[in-house]
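Undergrad: Handing you this structure, nothing more for now.
None of the figures in this text is laboratory data; all of them are computed from the coordinates on show. These numbers were taken from a predicted model, which means no experiment stands behind them. Ideal geometry is used to build each Cβ from the backbone, glycine not excepted, and the neighbour counts take in all protein chains shown.
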Amino acid sequence: MTDIDTLDKPSTANLEPIIRVRGLVNQFGDQVVHDGLDLDVMPGEILGVVGGSGTGKSVLMRSILGLRTPDAGEIEVLGVDARSQAAADRLHIERNTGVLFQDGALFSSLTVGENVQVPLREHYPTLSDSLRYELALLKVKLAGLEAAALNKLPSQLSGGMRKRAGLARALALDPPLLFLDEPTAGLDPIGAAAFDKLTRTLQQALGLTVFLITHDLDTLYAICDRVAVIADKKVIAVATLPELERLDHPWVQEYFNGPRGRAARNGDSRGDRSAPAHATGDV
Amino acid sequence: MGARDAAPTITIDQGNAAGSGPRLQLKGRWTLRYAAQVSAALADAPDQAGSVDATAVDRLDSAGVLQLLRFAHRRQIDFAIFDFRADHHALVAAIEDVADDRPRKKPEYGFAAALGRLGFAVVDNWVEIVALISFLGENLSKLLRMIKQPRRFRLTATVSHMEQVGLDAVPLVFLLSYLVGAVIAFLGANILQDFGATIYVVELVNVAFLREFGVLLTAILLAGRTASAFTAQIGAMVSREEVDAMRTLGLDPVDVLVIPRLLALMVTLPLLSFIADIAGLLGGMSVGAFSLDIPPQAYLSRMQETMHLRHFLVGLAKAPVFAMVIALIGCLEGLQVEGTAQSVGERTTSSVVQAISLVIVLDAIAAIWFMQVGW
């Protein structure tokens, strides 16, 4: 089962989680970040991951991606063990996941177009130059950038454009699973709302499953189907927002029912609040 | 599902030719992974098509849609006659939205572009020279200001840099100078032996080291070791906006970052040159003792008879100048970093190259000048 095309699309009634984390333990020296963390991400959903600073949201993402070897626990991504070092398993995960790092993590010596072509060159070296170029152009425009951005260097782009370019690179291989690490951090509210909308549109058009780390309450309310809360070194809840607001936990209460949480819920300060897709996807 | 079903195929259904052409039936997986087969299948497809039935396509991604769009564009087939499965509609619509216009021209890689880059490089070099001279002026004026306002001077930073660029470099400078001294003695002895003048090795090593090699070797070593460190340290701070933060807090980056480094190097480079002189002389003496039959006592007494203080002074006089060149280039390049990791690397390379070249050029000019003056 290490073939991208043998995976079922989310449209079929498939209740197997696309990411399954069990008993994850991560520690740095004496400092335990995760202690017995469990999490399921279902195909076709946008799962928001929230938690205070230092609760290990990014560490969780890095563990799932295999960038960090956890100290204990099991992680299964797209049907393979994330800790596996076997070439076929690594390839399977690399081809089927896209990652947008916090500031885009674009290669600064390459233009945006070349950045997007990197994964295509690496994984499909036999693609013709023209098709690869057109695919890069397509992804850049899907991410909401002008075609002219293709020949620009990352240093010539604004923060919001860098994120869009990073998203284009993450989408280069049409991965079914997309990781976004604080995609709206550092964007102005209008840019952030536009990015939320883009995420939702792409998720529906491409049938993506999105693992979204965020601090942004507006993003949670605008696009997330379910939200996982990390606190006390575990995922203390995975639920829809109305359920979480009622959860009796001090951090959760302060987070969702504090002034900012209420503003995001009531004020509809930005973003489209269209009815979220079902967790199983309505692509 | 077997591999046979996976390959993208087109079957032509002639019988049901209701419109202007046959009906094409697409099957299989039209994805990036099968891009080559998709191209082949589309190349074999007929020029005319009445309708295209893609509802039996098992799997479709943006690469597949893009190739179908290109196919439709090439054959001038209206994309509306393509019939997709319901759950592919969103994807097709999204790709169609953004893929309508033709790709732009790629950047130039030809001869004209190369000529253009050459022109830019010449201008850049000129700008660099002007920048270095004005940076020298800025530093001198701020040093003068520091004499009037001594509280601007940062003693702790200066001493810390002295340790890093001076004390920590002693073993390296000593070892390399010792070896070069020994090599010069060997080379000289080989030639002087033919004239029976082996004892002149002492003068050769003395003059060579005290006038030129001691200070030159030290300066080249520090240009590699210290100029690069200065550029990388300051460059990393620039790229993390620390230098901008400094300016907004009312700190002058030249006072805080450049002058401590400049003074530290100007103090330590002459001292290191002195160590290099001693090490070089020791290298020559060792070769004399071990393989030229000149015992250390004879070597030393010959040294005392023939050595002039002016050689030593000529050599050491160049040290502060070299120190200034190395420190200024290292710091200036660091301050010119432009925020990317690549820029830090480029600037570091450039600072080492500039520092070493300039040190050698200045040394050559100084050598000619001192000879002409008769020192």
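Undergrad: Taking the Cβ-Cβ separation of B:ARG310 and B:ASP168 as r and a Förster radius of 35 Å, what is the calculated FRET efficiency to the nearest 0.05?
TA: Numbers: r = 32 Å, r/R0 = 0.90.
Calculated value: 0.65.
Undergrad: I would also like to ask the following. For B:ASP97 and B:ARG75, what does the FRET efficiency come to when R0 = 30 Å and r is the distance between their Cβ atoms, rounded to the nearest 0.05?
TA: Numbers: r = 21 Å, r/R0 = 0.71.
It comes out at approximately 0.90.
Undergrad: Now for a separate question. Averaging the inverse of every distinct alpha carbon separation and then flipping it gives the Kirkwood radius. What is it for region B:150-372, in angstrom units?
TA: Value: 18.7 Å, from the Cα pair sum.
Undergrad: Next question, about the same structure. Taking the Cα centre of chain A as the origin and placing charges on Cβ (Lys, Arg +1; Asp, Glu -1), which of A:PRO154, A:GLY51, A:VAL33 is farthest toward the positive end of the dipole?
TA: My answer, from the dipole projection, is A:PRO154.
Undergrad: Return the single residue from A:GLY48, A:GLY186, A:GLY56 with maximal mean-square fluctuation; model: Gaussian network over chain A, springs between Cα atoms under 10 Å.
TA: A:GLY186
Undergrad: What dipole magnitude, in Debye to the nearest 20, does chain A give about its Cα centre under +1 on Lys/Arg Cβ and -1 on Asp/Glu Cβ? It would help to have the intermediate numbers written out before the result.
TA: Details: 29 positive and 37 negative charges, 137 e Å.
Charge dipole, chain A, about its Cα centre: 660 debye, nearest 20.
Undergrad: Also, quick follow-up: Just to check, using Stokes-Einstein with a Kirkwood Rh over alpha carbon pairs, what's the diffusion coefficient of region A:118-209 at 37 °C and 0.692 mPa s in µm²/s?
TA: Values: Rh = 13.8 Å.
It comes out at roughly 238 µm²/s.
Undergrad: Provide the gained length on full extension for the span A:SER109 to A:ARG121, in nm with one decimal, where the gain is 0.36 nm per separating residue minus the Cα-Cα distance. Walk me through the numbers on the way to the answer.
TA: Values: separation 12, 0.36 × 12 = 4.32 nm, distance 1.64 nm.
Here the segment from A:SER109 to A:ARG121 would lengthen by 2.7 nm.
Undergrad: Any idea how far apart B:ILE129 and A:ILE190 come out in nm if each label point goes 7 Å out from Cα toward Cβ?
TA: About 4.8 nm separates the two model spin labels.
Undergrad: Which one, B:ALA208, B:ALA94, B:PHE274, is farthest towards the positive end of the dipole of chain B when Lys and Arg carry +1 and Asp and Glu -1 on their Cβ?
TA: Ranked along the dipole, the leading option is B:PHE274.
Undergrad: Under a point spin-label approximation (7 Å from Cα along Cα-to-Cβ), what is the B:ALA197-B:ALA317 distance to one decimal in nm?
TA: 2.7 nm
Undergrad: Then there is this: To the nearest 20 debye, what charge dipole does region B:150-372 have about its Cα centre, counting +1 at the Cβ of each Lys and Arg and -1 at the Cβ of each Asp and Glu?
TA: Values: 12 positive and 17 negative charges, 80 e Å.
With only Lys, Arg, Asp and Glu charged at Cβ, the dipole is about 380 debye.
Undergrad: Among A:LYS139/B:LYS27; A:LYS152/A:LYS197; A:LYS139/A:LYS234; A:LYS57/A:LYS152; A:LYS141/A:LYS233; A:LYS57/A:LYS139, which pairs are too far apart, with a Cα-Cα distance over 29 Å?
TA: Working: A:LYS139/B:LYS27 25 Å; A:LYS152/A:LYS197 24 Å; A:LYS139/A:LYS234 36 Å; A:LYS57/A:LYS152 32 Å; A:LYS141/A:LYS233 39 Å; A:LYS57/A:LYS139 27 Å.
As for pairs spanning more than 29 Å Cα to Cα, those are A:LYS139/A:LYS234; A:LYS57/A:LYS152; A:LYS141/A:LYS233.
Undergrad: If you don't mind, there's one more thing I want to ask. Per residue of A:204-217, what is the mean number of Cβ atoms on other protein chains within 10 angstrom of that residue's Cβ?
TA: On the way: counts 3, 10, 6, 5, 0, 0, 0, 0, 0, 0, 0, 0, 0, 0.
That works out to 2 on average.
Undergrad: Right, another one. I'd like the Kirkwood hydrodynamic radius of the protein assembly as shown, using the inverse of the mean 1/r over distinct C-alpha pairs, in Å.
TA: 30.3 Å
Undergrad: If you don't mind, another one. Computed FRET efficiency, Cβ-Cβ of A:SER155 and B:LEU300, R0 45 Å: what is it to the nearest 0.05?
TA: On the way: r = 60 Å, r/R0 = 1.34.
Efficiency, from the Cβ-Cβ distance: 0.15.
Undergrad: At what distance in nm do the modelled label points of A:ALA86 and B:VAL122 sit from each other, each positioned 7 Å from its Cα along Cα→Cβ?
TA: Placing both labels 7 Å beyond Cα along the Cβ direction yields 6.2 nm.
Undergrad: Within 10 Å, count the other beta carbons around each residue, average over each peptide in B:329-338, B:300-309, B:170-179, B:120-129, and list them highest first.
TA: Ranking, from highest mean packing down: B:329-338, B:170-179, B:300-309, B:120-129.
Undergrad: If you average the alpha carbon positions of region A:181-222 and of region B:348-375, how far apart do those two centres end up, in angstrom?
TA: First find each Cα centre; the distance between them is then 58 Å.
Undergrad: How long are the semi-axes of the equivalent ellipsoid of chain B, defined as square roots of 5 times the Cα gyration tensor eigenvalues? Whole Å, largest first. Please list the in-between numbers first.
TA: Working: eigenvalues 1065, 160, 67 Å².
Largest first, chain B gives 73, 28, 18 Å.
Undergrad: Give me Rg/Rg_expected for region B:3-98, where Rg uses Cα atoms only and Rg_expected = 2.2 N^0.38 Å with N residues. Each step should come with its number before you reach the end.
TA: On the way: Rg = 12.3 Å, N = 96, 2.2 N^0.38 = 12.5 Å.
For region B:3-98, the normalised Cα radius of gyration comes out at 0.99.
Undergrad: Here is a further query. To make sure I understand, if each residue's beta carbon is the centre and we count other beta carbons within 10 Å, what order do B:ILE12, B:ILE184, A:ILE18 fall in, fewest to most?
TA: Working: B:ILE12 15, B:ILE184 20, A:ILE18 24.
The order, fewest Cβ neighbours first, is B:ILE12, B:ILE184, A:ILE18.
Undergrad: Next up: Taking Cα pairs under 8 Å and at least six residues apart, what relative contact order does chain B come out at, in percent? Please report the intermediate quantities before stating the final value.
TA: Numbers: 480 pairs, mean separation 62.8, N = 375.
Reported as a whole number, the value is 17 percent.
Undergrad: To check you understand DSSP bridge types, tell me what percent of the beta bridges within chain A (both residues inside) are antiparallel, rounded to 5.
TA: On the way: 20 of 38 bridges.
The answer is about 55 percent antiparallel.
Undergrad: Among A:GLU243, A:GLU45, which comes first, second and so on when ranked by fewest other beta-carbon atoms within 10 Å? Before the final figure, lay out each step's value.
TA: Numbers: A:GLU243 12, A:GLU45 24.
Ranking A:GLU243, A:GLU45 by Cβ neighbours within 10 Å, fewest first, gives A:GLU243, A:GLU45.
Undergrad: A further question on this structure: When chain B is treated as a GNM, springs tying every alpha-carbon pair under 10 Å, which of B:TYR34, B:TYR200, B:TYR299 comes out with the largest mean-square fluctuation?
TA: Of B:TYR34, B:TYR200, B:TYR299, the most mobile in the Gaussian network model is B:TYR34.
Undergrad: Given region B:3-98, what percent of its DSSP beta bridges are antiparallel, to the nearest 5?
TA: Among the beta bridges of region B:3-98, antiparallel pairing accounts for roughly 35 percent.
Undergrad: While we're on this one: Connecting C-alpha atoms closer than 10 Å in a GNM of chain B, tell me which of B:ARG225, B:ARG75, B:ARG240 has the biggest fluctuation.
TA: B:ARG75
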